[in-house]
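The values are calculated or read from the model by the stated rules, or taken from the named source; none is laboratory data. Treat the numbers as computed from the prediction; the structure is a model and nothing was measured. Here Cβ is always computed from backbone atoms with ideal geometry, including for glycine, and neighbour counts include all displayed protein chains. All accessible areas refer to the heavy atoms of the entire protein, side chains included, with ligands and DNA or RNA removed. Shrake-Rupley method; radii C 1.70, N 1.55, O 1.52, S 1.80 Å.
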Amino acid sequence: MKQLSEQLKLQAQELGFTLTGITPAAAPARLAQLHQWLEAGYAGQMQYIEARREAYCHPTHVLDGCRSLLMLAMPYLTRDDDKSVSDSVVGQARVARYANGEVDYHDVIHTRLKALKAWLLQRQPAALVRGVVDTAPLLEREFAALAGLGWIGKNTLLLNRRYGSYFFLAALLTDLELTADEPYASDHCGTCTACLDQCPTNAFPAAYVLDANRCISYLTIEHRADIPDELAQQLGDWAFGCDVCQEVCPWNRKAEVGVEVVFATRKELESLDVIEILNLDELGFRNRFRHTPLWRSKRRGLLRNAILVAGNQRLQAARPALERLSTDTEPLIQAAATWALCRITPT
């Protein structure tokens, strides 16, 4: 299988997966940490992780009979002139880099995975093959490290010496016994704690442990309810996701840019006009964000986040929109607008 394994990795690279590596299917060594993380309540409202707890025990729960995983990474950083923390611009809300492109990365990667699966099945018609990208019960970062793609950093993200952490992970699972690569054995974080120290919400109770309840990315995307006052103030100007723990990482300051033009930054998604978002109706949201990562937060989530940004920026120009939204039929929007109005005009 050695020749097929090398050819498969080369084909993956042709399809845009810059980093490739193979690891045997096995029970993940960090499974106990996952269970501890869940029991500590660090998953927040992401009940789907708890619901599939047992499925994380082995990749056979993702593909029956799985023997090998081809782990893949596709860089999404497409320019190198803005890798440090950006200054806040009043009236603008920030969007995480991975969501700055013109398409949803899931669509791009799934298409490439289907092509890679077809390539493998042409050569091994009887094989079982499945491609996944961040939706299956699979500890992708651990398997990626086992496949030699990098090491897991103190901010819980996978890091690579060339590409930092600005890349998407995916996996191709198969019942074929492919030739494995050497695991990544080193940890190049050293004594650096920049990611832990500069997290605006102190979301890391310890190195290599993330409390999603305090993570801005989780709060602005996955969290569907009101955001507590303390954390709402610490969101700053983030409307979707957060890059702080990546921006301050020395390895990301050195990160090479990727080659996928579909991930190139669109100015209108790099930051959002707060007042424009406050006035965006459901149809407008659909037309603008339907095929982008921002779709995941839905209009109510993005609107809540933009309202909180307006409050944090003391954005007086947002007052008319906020007064209207304070009587919205959606309780989540009402509460956020009332909070923001109090921030703009303290009692």
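Tabulated data for the structure shown
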quantity	calculated
The range 183-196, residues that are without any contact (Cβ under 8 Å) to a residue 12 or more places away in the chain and either among the polar types (S, T, N, Q) or not in a loop (DSSP other than H, G, I, E, B) (or both)	Thr191
Subset of the range 264-321 [hydroxyl-bearing (Ser, Thr, Tyr), over 23 Å from Ile109 (Cβ atoms) and buried (at least 23 other Cβ atoms within 10 Å of the Cβ)]	none
Residue list for the range 322-344, restricted to those being open to solvent by 70 Å² or more (accessible area, probe 1.4 Å) and acidic (Asp, Glu)	Glu323
Matching entry among Leu325, Leu332, Leu308, Leu341 (being modelled with pLDDT of 95 or more and in contact with a Phe, Trp or Tyr (Cβ under 8 Å, 6 or more places away or on another chain))	Leu308
Yes/no for Val103 being buried (at least 18 other Cβ atoms within 10 Å of the Cβ) and either of a type outside the set (D, E, K, R) or under 21 Å from the mean Cα position of the chain (by Cα) (or both)	no
Test result for Asp134, modelled with pLDDT under 95, among the charged types (D, E, K, R) and more than 16 Å from the chain's Cα centre (by Cα)	no
Scope the range 119-146; condition at positive phi and not in a loop (DSSP other than H, G, I, E, B); matching residues	none
Count - residues of the range 280-337 that are of a type in the set (Phe, Trp, Tyr) and closer than 20 Å to Gly91 by Cα	2
Selection from the range 211-262 of residues that are assigned to a helix (DSSP H, G or I) and surrounded by fewer than 17 Cβ atoms within 10 Å (Cβ to Cβ)	Asp229, Glu230, Gln233, Pro250, Arg253, Val261, Val262
Extreme residue, surrounded by the most Cβ atoms within 10 Å (Cβ to Cβ), among residues of the range 1-19 that are part of a loop (DSSP other than H, G, I, E, B) and out of contact with any Gly (no Cβ under 7 Å at 6 or more places or on another chain)	Phe17
Verdict on Gly65 being touching a strand residue (DSSP E or B) at 6+ places or on another chain (Cβ under 7 Å), touching a residue at least 40 places away in the same chain (Cβ under 8 Å) and at positive phi	no
Meets criteria (free of Cβ contacts under 8 Å to residues at least 12 places away in the same chain, open to solvent by 20 Å² or more (accessible area, probe 1.4 Å) and either over 30 Å from Gln334 (Cβ atoms) or out of contact with any His (no Cβ under 8 Å at 6 or more places or on another chain) (or both)) for Ala180	no
Subset of the range 197-229 (residues that are more than 19 Å from Ser88 (Cβ to Cβ) and among the hydroxyl-bearing types (Ser, Thr, Tyr))	Tyr208, Tyr218
Of the criteria (1) at pLDDT 95 or above; (2) in a loop (DSSP other than H, G, I, E, B); (3) open to solvent by 20 Å² or more (accessible area, probe 1.4 Å); (4) not aromatic (Phe, Trp, Tyr), which one Leu169 fails	(2)
Number of the condition not met by Trp37 [criteria: (1) part of a helix (DSSP H, G or I); (2) over 19 Å from the mean Cα position of the chain (by Cα)]	(2)
Members of the range 106-134 that are closer than 24 Å to Ala26 by Cβ, touching a residue at least 24 places away in the same chain (Cβ under 8 Å) and open to solvent by 30 Å² or more (accessible area, probe 1.4 Å)	Lys117, Gln124, Leu128, Arg130, Asp134
Sole exception among (1) more than 19 Å from Ala115 (Cβ to Cβ); (2) of a type in the set (A, V, I, L, M, F, W, C); (3) open to solvent by less than 50 Å² (accessible area, probe 1.4 Å); (4) assigned to a helix (DSSP H, G or I) for Leu77, by number	(4)
Residue check for Arg296: assigned to a helix (DSSP H, G or I), within 30 Å of Gly164 (Cβ to Cβ), more than 20 Å from the chain's Cα centre (by Cα) and charged (D, E, K, R)	no
